[in-house]
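Notes follow the structure.
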Amino acid sequence: MSGVQPTGNLHIGNYLGALVNWVELQKHYEAFFCVVDLHALTQRPDPAALQRAVREVAIGVLASGVDPDKSTVFVQSHVPQHSELGWILTCLTPLGDLNRMTQFKDKSVQQPENINAGLFTYPILQTADIALYRAERVPVGEDQEQHLELARETLRRFNFVYGETFPDPQTVKSQAPRVIGLDGQAKMSKSKGNELGLFETDEETLAKLRAAKTDPARLRKSDKGTPEVCNIFSYHGFFTPAAQREEIAAGCRSAQLGCVDCKKMLAAHLEAVKAPIRERATALREHPARLDEILAAGASKARAAAESTMQLVRERVGLRPAP
Ligand code: SF4
């Protein structure tokens, strides 16, 4: 089980950090992937923009290779049990546990004008997302590990208080848990404006790469470079075959290869990955009914699984159905 926020268009960081992993996991496990629009409300998005973003992110997930015949792909708010279990788990979570969450502190700095309670209880809703499907494996980036630890503690507490109900969710790390942005400073994110968009054209990618930071010691083409300190070279690590990467590293060290050419090579390898994704995304945008159908089927399957868990949870905590 894993989720992606509908905030802005997907970027290469989302693709490498999550989607590649999802595509692989669906081959081996029963998988639930959702667009977490309830989580997005903590940022108070414009309602129409939120609806657009939910569809665009769902399109990105499917175009990246998540197969709705293998995985359950759905929108979080289409399964009301997420909110219901979220509340039940909120009543089991000590304030002290939430106070330790570093992401809440970071978010409070990022959006000081809107430090809402949802930001504080955000990891509990994440716990509900996982627990509803009794997930055993949760693919997350390294910045979410603290939340997953809290989820484990909360579910163990539930099992202790009400009897064995939930498995212990294990972290599945992706091969690229942290992708640095084009500024070479922070994790790639739309909010920092340092992202390479997954749907961007070849020209847009190249324009962004041209402005991206490289080895700071390499001021002229004749300066010898150190690929290990260059962010562009780290991207080659994700997209360029190993043999060519070695040639690039040698060319950089000997100053035979200039940064402009190095970036053009990267753009070409990126385009080879992005072009088919863009094509599939365009086909889905042109057939909105197909997307509706996939999300409706996903929601229906997810609701059935979630309701089966909730019947047990309600029974265990003492909530009885209306007579
Ligand atoms: S040649 Fe490539 S790896 Fe070397 S500094 Fe320039 S962009 Fe970075």
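The values are calculated or read from the model by the stated rules, or taken from the named source; none is laboratory data. The shown structure was predicted, so the numbers you read here are calculated from the model rather than taken from an experiment. Here Cβ is always computed from backbone atoms with ideal geometry, including for glycine, and neighbour counts include all displayed protein chains. The accessibility values were calculated without ligands, DNA or RNA, using every heavy atom of the protein model including side chains. Shrake-Rupley method; radii C 1.70, N 1.55, O 1.52, S 1.80 Å.
To the nearest 20 Debye, how big is the dipole of the chain about its Cα centre, given +1 on the beta carbon of each Lys and Arg and -1 on that of each Asp and Glu?
On the way: 39 positive and 39 negative charges, 89 e Å.
With Lys and Arg at +1 and Asp and Glu at -1, about 420 debye.
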Open item on the list: Under the rule of at least 5 residues apart or a separate chain, name every residue whose amide H is placed under 5 Å from the amide H of Ser71.
Closed with: none
- [ ] Could you tell me how many degrees, from 0 to 90 and to the nearest 10, lie between the Cα long axis of helix 288-317 and the main elongation axis, the longest principal axis, of the Cα atoms of the chain?
- [x] 50 degrees
Open item on the list: Quick check: the angle from helix 145-162's long axis to the longest principal axis of the chain, C-alpha only, nearest 10 degrees?
Closed with: 10 degrees
Open item on the list: In whole Hz and in residue order, list the ³J(HN,Hα) couplings for region 103-115 that follow from phi through the Karplus curve 6.51 cos²θ - 1.76 cosθ + 1.60, θ = phi - 60°; x for Gly and Pro.
Closed with: 5, 5, 5, 4, 5, 5, 6, 5, 10, x, 7, 9, 8
- [ ] Taking amide H positions as placed in the peptide plane 1.01 Å from N, state which residues far from Gly3 in sequence (5 or more) or on other chains have amide H under 5 Å from it.
- [x] Cys34
Open item on the list: Along the charge dipole of the chain, pointing to its positive end and built from +1/-1 on Cβ of Lys, Arg, Asp and Glu, which listed residue (Gly197, Gly258, His287) has its Cα farthest out?
Closed with: Gly258
Open item on the list: Just to confirm the number: angle between the C-alpha axis of helix 47-63 and the first principal axis of the chain, 0 to 90 degrees, nearest 10?
Closed with: 70 degrees
Open item on the list: Just to be sure I understand the model, the point goes 7 Å from the Cα along the line to the Cβ. What's the resulting Lys264 to Arg320 distance in nm?
Closed with: 7.7 nm
Task: Rounded to whole Hz, the Karplus (6.51, -1.76, 1.60) HN-Hα couplings of region 123-134, x for glycine and proline - done: x, 6, 5, 4, 4, 5, 3, 6, 5, 4, 9, 6
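Divide by every residue of the chain the summed helix terms, -39500 (n - 2.57) for each DSSP H run of at least 4, and state the resulting mean residue ellipticity at 222 nm, rounded to the nearest 500 deg cm²/dmol. Could you put the intermediate results ahead of the total?
Details: 13 runs with 173 residues, N = 323.
Mean residue ellipticity, 222 nm, calculated: -17000 deg cm²/dmol.
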- [ ] May I ask you to derive the relative contact order of region 1-148, considering only C-alpha pairs under 8 Å and at least 6 residues apart, and to give it as an integer percent?
- [x] 33 percent
Open item on the list: Tell me the relative contact order for region 185-274 as a rounded percent, counting alpha carbon contacts under 8 Å between residues six or more apart.
Closed with: 31 percent
Open item on the list: If you take every DSSP beta bridge fully contained in the chain, what fraction is antiparallel? Give it as a percent rounded to 5.
Closed with: 15 percent
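Multiplying the sequence separation of Arg253 and Arg134 by 0.36 nm and subtracting their Cα-Cα distance, what value in nm do you get? Don't skip to the end; give the middle numbers.
On the way: separation 119, 0.36 × 119 = 42.84 nm, distance 5.05 nm.
This chain segment gains 37.8 nm when fully extended.
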- [ ] Work out how far the C-alpha atoms of region 199-280 reach from end to end along every principal axis, then list the three figures in whole Å, largest first.
- [x] 41, 26, 17
Task: Label-point gap, in nm, between Asp292 and Asp106 - each point 7 angstrom along Cα→Cβ - done: 3.8 nm
Task: Viscosity 0.890 mPa s, 25 °C: Kirkwood-radius Stokes-Einstein D of the chain over Cα pairs, µm²/s - done: 115 µm²/s
TODO: Using the Karplus curve 6.51 cos²θ - 1.76 cosθ + 1.60 with θ = phi - 60°, work out ³J(HN,Hα) for each residue of region 11-24 in order, rounded to whole Hz, and write x for Gly and Pro.
DONE: 10, 4, x, 5, 4, 6, x, 10, 5, 4, 5, 4, 4, 6
Open item on the list: In region 233-251, whose amide N lies under 18 Å from the spot 7 Å out along Cα-to-Cβ of Asp202? List them in ranges.
Closed with: 239-241
Task: With all protein chains modelled, accessible area of Asp168 [1.4 Å, Å²] - done: 60 Å²
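Quick one: order Asp67, Asp215 from most to least accessible surface, probe 1.4 Å.
Working: Asp67 45, Asp215 10 Å².
So the residues, ranked largest to smallest area, are Asp67, Asp215.
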Task: 10 Å binning of all Cα-Cα separations within region 51-206, expressed as whole percents from 0 upward - done: 9, 30, 38, 19, 3, 0
